[in-house]
Amino acid sequence: MALKLIGTAFIILAIYVLVQSVWTLLANTHPAPSPLGTVWLVLTCAVMLLLAWGKLVTGRQLGNLLLTTEARVTLIDAALAGAVLIGVGLNALLGWWWADPIAGLVIVYYGLTEGRAAWKHARRASGARASRMRHSATVP
């Protein structure tokens, strides 16, 4: 069940970023750079990458599929912060206001891919559980 929730979160996040990216492009919205916001994005990206790495290492050591999947969720948080940072940076340095929503589309692809993978793992896990239950019910 938890893997399905994580997969659903990935898909909802991807849809949200897609809608925001398309809206920003169509509305011709120009983000304004902020030094404090830039520092916040750098810190967010760094912390999320470290947290994702820690979850991945711990999940692998424990053999915990849920924790390793959660590491991917945290990685997408870092990627979102990184994409926003790149977009804001390109806007501030080169005046490319459209860079942020375009970077968001890369995150959409990643989010949909990871969401589908989490659902696939959940189906496999529930199928394996059902198989074990059927087997244990037939063994005297």
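Bear in mind that the values in this text are calculations on the coordinates, not laboratory data. Remember, it's a predicted structure, so these values are computed and weren't measured experimentally. Every residue, glycine among them, receives a Cβ derived from its backbone with ideal geometry; neighbour counts consider all protein chains shown.
Think of it as helices only: each DSSP H run of n ≥ 4 in the chain is worth -39500 (n - 2.57), and spread over all residues that comes to -32000 deg cm²/dmol at 222 nm. To the nearest ten degrees, helix 2-27 and the longest principal axis of the Cα atoms of the chain are 20 degrees apart.
If one takes the longest principal axis of the Cα atoms in the chain, at what angle in degrees, from 0 to 90 and to the nearest 10, does the Cα axis of helix 65-94 lie? Result, in degrees: 10.
Note on Lys4/Gln61: beta-carbon distance plugged into 1/(1 + (r/R0)^6) with R0 of 30 Å gives a FRET efficiency of 0.80.
Computed extension length for Leu51-Lys120: 22.4 nm, one decimal, from 0.36 nm per residue of separation with the Cα-Cα distance subtracted. Remark: the Leu94-Ile12 segment gains 26.4 nm on full extension, using 0.36 nm per residue and subtracting the alpha carbon distance. Extension gain, His30-Val42: 0.36 nm per intervening residue step, less the Cα-Cα distance, totals 2.3 nm.
Calculate I(q)/I(0) for the chain by the Debye formula, one identical point scatterer on each C-alpha and no solvent, and give its log10 at q = 0.13, 0.18 Å⁻¹ to two decimals. Scattering profile of the chain, log10 relative to I(0): -0.65, -1.01. Note: relative contact order over the stretch 2-138, using C-alpha pairs below 8 Å and six or more positions apart, is 38 percent.
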